[in-house]
Amino acid sequence: MLYALKIATRYLTASRAQTALLVFGVAIGVFIFIFMSALIGGLAEFIMMRTAGDMAHITIQAEAVDPALLNPAALGTVLLVQEPSTKATAILKDTSAFIPLIEGLPGVKGISQQINGTGFLTRGGQVTQVSINGLEPGHESVIANLASYVTEGTANLGAGGVLLGKTLVEDMDLTLGQTVRLQSSSGVVAVLTITGIYEMGSGGPDRRQAYVSLATARTLFKLPQGVTRVEIKLDDLYAADALAPQIKALTGLDAKSWTEQAAQLLDALKAQAQTGYILKAFALLTIVIGVASALLLSTYRRRPEIGIMRAMGAGRWFVMVVFVAQGALIGLMGGLFGAAAGYGVLLAFPSRDSFGPGQSGLPIDIRQGAYGLAIWLTTLGAILASILPARAAARLDPVTAIGQ
Amino acid sequence: MTALLEVRDLVKTFGSGEAETRVLRGLNLAMQTGELAALLGPSGSGKSTILTILGTLMHPTSGSHTMLGLDLTTASDRALTEFRNLHIGFVFQFHNLLPDFTALENVCFPTAVREGRETAAARLRGEELLVRMGLSERIHFPTANLSGGQKQRVAVARALMNRPELVLADEPTGNLDRASALQVMDLIGEINREEGTTFLISTHDEKIAAQCRRQIVVGDGLVTG
Ligand SMILES: Nc1ncnc2c1ncn2[C@@H]1O[C@H](COP(=O)(O)OP(=O)(O)OP(=O)(O)O)[C@@H](O)[C@H]1O
Ligand SMILES: [Mg+2]
C-alpha cells in the first residue's frame, strides 16, 4: 500500500504541469460547490429572516365556541339568537394557568398574549377597515420586531395610544399625535391618539394593521379577562414542529406550528435547495469526468510501464491501487485548494449579520460553505472516478502492454 | 546440474479462423540450473513468444510448462505473479525501466513490491548490484538521463534483485553499439559463473550467441538445433 502510494505520488509529480492543471480544475469544481452552498444557505436564511423572522413560531388561537345553552336541548326546542359579537367569546381564559408552563419549556424565547379582531378607523369623513391587534405593553416586539420598524413616535403602546402603518397614515392623511376613532366589530368605540407610525415594507400590515394596548383591546372587544391568541417565539424556528405537540400535550390547547401555515414558503425554500443540489451535483460530476478522463489518458500513456511492473511481480491489485491513489490525491488536493479559495473569496462578502432589511448584495453565509463535505465528496468522487481507469490498467495484458 | 525447467509439446496459436497463426508447433525444451543459453532463429520464428511463455506472462495454447518442479500451465494469475517475482528476472529490449524513478529505485522495485516498501536491506542490495554493473556514479540518477548501455545494465541489475533462478533476456543488446553490447554480455557471463544464475538470451547477433555456452535455434515452431 505504502509503496503503491509512493509510485502514485511520483507519477503525479513527474508530470507536474498536467497534475497542477488537473488539481486546478478540481479546485474550481469545489469552489463552485462551496459558493453554491454558502449562497443557497445564506439565501434561505435571508428569506427566513425577512418572512418567518417576523412571524410567530407557534400560535395558540382560541377556537370559536358556540355559546353554552342554559336550557338543555332535551327539554324541548330552543330558539337561539346569536349576536355578531359572539365571535369575541372565543377566548383563552386561564392564561395565568398555562403561560408559565409554556415559559418553562426549553427553547421558548418569548410569549405574546393578544386580543385580535377587526374594526373601523374613522377620521373626519374617512373610514377604513382595519385589523386590531391588542398587545401587552412592554411585549410589543416579541413576535414582529415592531420597535425596529417604527419611523415616527414610539412602539410602546400606552393606554389611549394606537400604532398605525405608514401606508394607512398616508392614505388617510394622518399625522403623529392626531386622534382617531376606532370602532370594534363589537360596536365599542375608542378615541385614540397616534403614538407611533411603522413601516414594515410589505403592503398588507402597513395598510391594514392597527396596534393598541391589551387594555384598550379588552374594552373594544368587551373581554374583561382572557385573550384570543397566544403567539410564541422560539430560539430555533425549526424546533416548532417538535415543540407544538409538546405544548398541546402540556396545556390541552391547540398549538400550531408556523410550518402548517407556511407551506408555500417551505416549498419555495425546498425548491431553492434542490436547485442548489443540482448545481452542486453538476460541479461534482465535472470533477468526476475530469479526473476519470485524465487518469484514463495516464493509464494509456503508461501502458509499457504497467507491463514492466506486472512482469516484475506487481499484482493487479497493486496496479489498481497506484491509479486509485492518484485519483484520491488529486481529489484531496483539489478539495483543499478549492475549499481554501472558497473560504477566501467568501470572506470578501458582507457578513451574515448585516443581512437585515434594506441590505443589497448577495446574502452569502460563509458558515454554510460546507467545506468538509466538499473536500470529502470530492475525494470520494475522484476515487470513484479513478476506479474505471485503474481497473483497465490492472487488467492490461503485460505482454501487449510492454509491446516488445 | 539439476533440471530447472521443461516445456513439452508447446503449441501457441494467435488469432482464429482465417487469421490463425501457429507460432509454436509442439516445441520441446529443457534447461538445467546454471546454463547460459542463447536463443537464435530468424525474425518471426517465435523467440519472444517462447520467452514470454517461459516467463509466465502468457499461457501456451497447449502443452506443459514446469519450472522448479511446479506445473505452471494451470496456475492462477496471482500465483504466477508471485512466482515471477521470486524466481524469474526479465531484461527487455525497449521500455525496460520506469522513467520517473532513479536507477536504484528501479533496481529495488521487485523487492519493494513484494515487501510493500523500500527497505534499507533492499537498498543496500540494489546499490551493490549497481556498483557491480559499473554504475556506482549513477545510483541516484533518473533513468531517463542514462545512456542505452547504462539503461540495460540497470535492467540486468533489477533482473537479479530477488536472486531469481532464471533470467530471460529478449534481445538485451539489440539497441546497443558493439562495445556496450559486449560490456553487458561480460557482466551477464560473470554473474552466471559466480552466482550460477541461469540465463536464456534471445539474439540475432552471432557474436553475442558465441559468448553463450549453449545455442538453441528455433525455426518452424520447433527447436531445430
Ligand atoms: N499477439 C500476437 N498476435 C498475433 N500474432 C502474434 C502475436 N505475437 C506474435 N505474433 C506472431 O508470432 C510470430 C512470432 O513472433 P515473435 O515475436 O515470437 O518472433 P521473434 O522470433 O521474437 O521475432 P523477432 O526476432 O523479430 O523479435 C510472428 O509471426 C508474429 O507476427
Ligand atoms: Mg522478438
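Residues of segment B:115-150 that are surrounded by fewer than 21 Cβ atoms within 10 Å (Cβ to Cβ), in contact (Cβ under 8 Å) with a residue 40 or more places away in the chain and within 14 Å of chain A (Cβ to nearest Cβ): B:Pro142, B:Ala144. Which one of A:Val191, A:Val180 is of a type in the set (A, V, I, L, M) and surrounded by fewer than 17 Cβ atoms within 10 Å (Cβ to Cβ)? Just one listed residue meets the conditions, A:Val191. The helices (runs of 4 or more DSSP H) found wholly in segment A:160-220 and carrying at least 1 residues that are modelled with pLDDT of 90 or more occupy A:214-220. Consider B:Gly41 carefully, then state whether it is over 20 Å from A:Gly313 (Cβ atoms) and within 14 Å of chain A (Cβ to nearest Cβ). No. When segment A:371-404 is filtered for residues that are among the aliphatic types (A, V, I, L, M), in contact with a Gly (Cβ under 7 Å, 6 or more places away or on another chain) and within 21 Å of A:Ile287 (Cα to Cα), the ones remaining, listed by number, are A:Ala374, A:Ile375, A:Ala382, A:Ile383, A:Ala385. Checking the stated criteria, B:Asp9 turns out to be part of a strand (DSSP E or B) and surrounded by fewer than 23 Cβ atoms within 10 Å (Cβ to Cβ).
A single entry from B:Gly44, B:Gly34 fulfils the requirement of being farther than 30 Å from A:Met1 by Cα, touching a helix residue (DSSP H, G or I) at 6+ places or on another chain (Cβ under 8 Å) and not in a strand (DSSP E or B): B:Gly34.
Entry remark, segment A:384-404: residues being part of a helix (DSSP H, G or I), away from ligand 2 (no atom under 16 Å from the Cβ) and surrounded by fewer than 20 Cβ atoms within 10 Å (Cβ to Cβ) number 6 in total. The residue of segment A:109-137 that is surrounded by the fewest Cβ atoms within 10 Å (Cβ to Cβ), among those that are within 30 Å of the chain's Cα centre (by Cα) and farther than 12 Å from A:Val212 by Cα, is A:Lys109. Residues being within 16 Å of ligand 1 (Cβ to nearest atom), within 18 Å of B:Val91 (Cβ to Cβ), touching a His at 6+ places or on another chain (Cβ under 9 Å) and within 14 Å of chain A (Cβ to nearest Cβ) are entirely absent from segment B:202-216. Residue check: B:Leu36 meets all listed conditions (1) within 16 Å of ligand 2 (Cβ to nearest atom); (2) closer than 21 Å to B:Gln93 by Cα but one, namely (1). Within segment B:57-73, being within 16 Å of ligand 1 (Cβ to nearest atom) and either part of a loop (DSSP other than H, G, I, E, B) or more than 27 Å from B:Gly219 (Cβ to Cβ) (or both) holds for B:Leu57, B:Met58, B:His59, B:Pro60, B:Thr61. When segment B:138-179 is filtered for residues that are of a type in the set (Asp, Glu) and either out of contact with any strand residue (DSSP E or B) (no Cβ under 8 Å at 6 or more places or on another chain) or within 16 Å of ligand 2 (Cβ to nearest atom) (or both), the ones remaining, listed by number, are B:Asp170, B:Glu171, B:Asp177. Would you tally the residues in segment B:74-114 being part of a loop (DSSP other than H, G, I, E, B) and more than 10 Å from every other protein chain (Cβ to nearest Cβ)? Total satisfying the criteria: 3. Kindly indicate the residue of segment B:1-43 that is of a type outside the set (Asp, Glu), without any contact (Cβ under 8 Å) to a residue 40 or more places away in the chain and under 20 Å from B:Gly63 (Cα atoms) and also farthest from ligand 1 (Cβ to nearest atom) among those meeting that condition. Step by step, filter segment B:1-43, then rank; the result is B:Ala3.
The values are calculated or read from the model by the stated rules, or taken from the named source; none is laboratory data. Model, not experiment: these values are computed from the prediction. Positions of Cβ are backbone-derived with ideal geometry, glycine not excepted, and every protein chain shown enters the neighbour counts.
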